[in-house]
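A short reminder: the numbers here are calculations on the coordinates, not readings from a lab. Keep in mind that what you see is a predicted model, and the values were worked out from it rather than measured. Cβ sites come from the backbone with ideal geometry, for glycine too, and all protein chains shown count toward neighbours.
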Amino acid sequence: MNQMLTTMNEINQFFEHRSVQLGMNFGLSRMEQLLAKLGNPHKELKYIHLAGSNGKGSTLHYIKEMMIAEGYTIASFTSPYLEKMNEQLKINDEMIRDEDFVAVFQLLWPVIQEMDEAENGPTQFEILTVMAFCYFKNCKVDIVLLEAGLGGRLDSTNVIEPLLSIITSISLEHTNILGNTLAAIASEKAGIIKNGAPIVSGVTEEEPAQVIQQKAQSLNAPYFQLTKDIVIRNLEHREAAQSFTFAFRDTVLEQLELQMLGRHQVANAALAVAAVVLLQDSFAVSEESIRKGLREAKWNGRFEKIQDKPTVILDGAHNPAGIGVLIQTLKEQYPKQKYRFVFSALRDKNYSEMIRLVDNVASQIFFTEFTHERAEKATILYETSNAKQKHIDFNWQTCLTHALTAEEDEIVVITGSLYFLSLVRGYMKERKDKV
């Protein structure tokens, strides 16, 4: 394909074909080549870099909302998207417009073609990462919040020198790429720690925490850990909100309020506030802005209530740790109801352990599949489950229709994959609009 792509539709088709063709291919040499040919746009920006098995998107979102409340212009690069690829590149809360997306892509197009011809073509994620750098540089932002795609050390985003790094959590996922122990995965994530730049860590398990701390010490990077340095007290749950007291160094903030639910969100918020406190010298943020940002932060697809009667919760849990947190939050928020799950997952995830956890709490499970090159077959998911009441439907829309006939005391929980959620969320919203 040599002709210039001029529409979002053409670019989407290009990426769909490319992800099947190239898949995931790790290492930084293609990134460095691509950036060098474009004049290294990433070197002109300031960054907070985030990695972690779970929680990095929410933590990023809290930081963004606190800094926006203070009046800063904040760029963010996240993945995957929920409904539209443009969501991955945002300035404040506005995703990149189609015409800007096309223009930035066209800037990269000759270099992509040149690298393809040399059989060293960049992956979809590498192209998007470089597009983010180019777009953010042109938008004159104050700071970029950059989320690693997978791992850290060899992730496409790891070409920057951040002001501060955050590792939110570690769990066993992508073990074929990152290693099959928490310590090995921690070592990969710790690859985002840079010389002298503070590291804020939500990893509390002894072995992986030690790996991160040792890496920080070797790079003279000040290290701050949740529960040891960053303390959460007086946690209170209500139906539609929760509050906590935050203590870190000389800063104590009482009764910080969140509308995002679940104990894990308090941990994510605490990491975000610690990051903002550490950057006060370069980016002052008032207590008022901290409170406002946390209170107003919402993150689609994270324990998101999308419908009443029956209550429908969308949650992007895509590994056993995420499912564990989802179940804990369900029990906290809806202790007396039954849980009817709709489940689909990618084949490279530990779905057998995810299903085992869901089996233990579900009144019924509906298994389905969706179109994605890495999606697992519904039959395999169904056969993995030991639930007494389990159903299978190969068409996910039909599956949803069946699941939504829930009883009054049942909650419908749709989970297993953010990619699956991206389809469901758009469909549910459309369905709602037609009613």
Practice prompt. Please compute the net charge surrounding Leu226, taking Lys and Arg as +1 and Asp and Glu as -1 over other residues with Cβ under 15 Å from its Cβ.
Written response: +3
Practice prompt. Mind running the shape call on the range 103-189? Use the C-alpha gyration tensor, a ≥ b ≥ c as the square roots of the eigenvalues: rounded below 1.5 for a/c, prolate if a/b tops b/c, oblate otherwise.
Written response: oblate
Worksheet, complete the sentence: For the range 146-228, listing trypsin sites (Lys or Arg not before Pro) in a DSSP loop whose Cβ sees at most 13 other Cβ atoms within 10 Å gives Lys228
Worksheet entry | Residues with amide H under 5 Å from that of Gln307, placed H, sequence gap 5 or more | Val312
Worksheet item: Once amide H atoms are built 1.01 Å from N in the peptide plane, which residues 5 or more positions from Ala375, or in another chain, come under 5 Å H to H?
Response: Arg347
Worksheet item: Kirkwood hydrodynamic radius for the range 8-296: how many Å is it when counted over pairs of different Cα atoms?
Response: 19.5 Å
Worksheet item: Pick from Lys46, Lys56, Lys309: which residue has the top mean-square fluctuation in a GNM of the chain where Cα pairs under 10 Å get a spring?
Response: Lys309
Worksheet, complete the sentence: Within the under-9-Å Cβ sphere about Ala362, not counting Ala362, Lys/Arg +1 and Asp/Glu -1 give a net charge of +2
Fill in: Computed helical MRE - 222 nm, the chain, DSSP H runs ≥ 4 contributing -39500 (n - 2.57), nearest 500
-13000 deg cm²/dmol
Worksheet entry | Hz values of 3J(HN,Hα) by residue in the range 355-371 - Karplus curve (6.51, -1.76, 1.60), Gly and Pro given as x | 5, 4, 5, 5, 3, 5, 10, 7, 6, 8, 10, 10, 9, 8, 9, 9, 7
Worksheet entry | Neighbour cut-off at most 13 other Cβ (10 Å), DSSP loop, chymotrypsin sites (Phe, Trp or Tyr not before Pro), the range 344-435 | Phe394
Worksheet item: Within a Cβ distance under 13 Å of Ser282, other residues only, what is the Lys/Arg minus Asp/Glu net charge?
Response: -2
Worksheet, complete the sentence: In this structure, among Lys292/Lys429; Lys64/Lys137; Lys137/Lys349; Lys305/Lys349; Lys349/Lys432, pairs with alpha-carbon gaps over 29 Å are Lys137/Lys349; Lys349/Lys432
Worksheet item: With θ set to phi - 60° and the Karplus curve 6.51 cos²θ - 1.76 cosθ + 1.60, what are the ³J(HN,Hα) couplings of the range 230-235 in order, to the nearest whole Hz, using x for Gly and Pro?
Response: 9, 10, 10, 9, 6, 6
Worksheet item: Which one of Ile323, Leu34, Val285 has its Cα pushed farthest toward the positive end of the charge dipole of the chain, where Lys and Arg give +1 and Asp and Glu give -1 at the Cβ?
Response: Ile323
Worksheet, complete the sentence: The alpha-carbon pair-distance distribution computed for the range 88-143, with 5 angstrom bins and whole-percent values, is 4, 18, 28, 23, 14, 8, 4, 1
Worksheet item: If one computes the Cα centroid of the range 285-304 and of the range 132-196, what distance in Å separates the two points?
Response: 23 Å
Practice prompt. Assuming a ≥ b ≥ c are the square roots of the Cα gyration tensor eigenvalues, decide whether the range 304-434 counts as rounded (a/c under 1.5), prolate (otherwise, with a/b larger than b/c) or oblate.
Written response: rounded
Discussion item. With +1 assigned to the C-beta of every Lys and Arg and -1 to the C-beta of every Asp and Glu, and no other charges, what is the dipole magnitude of the range 267-421 about the Cα centre in debye, to the nearest 20?
Written reply: 140 debye
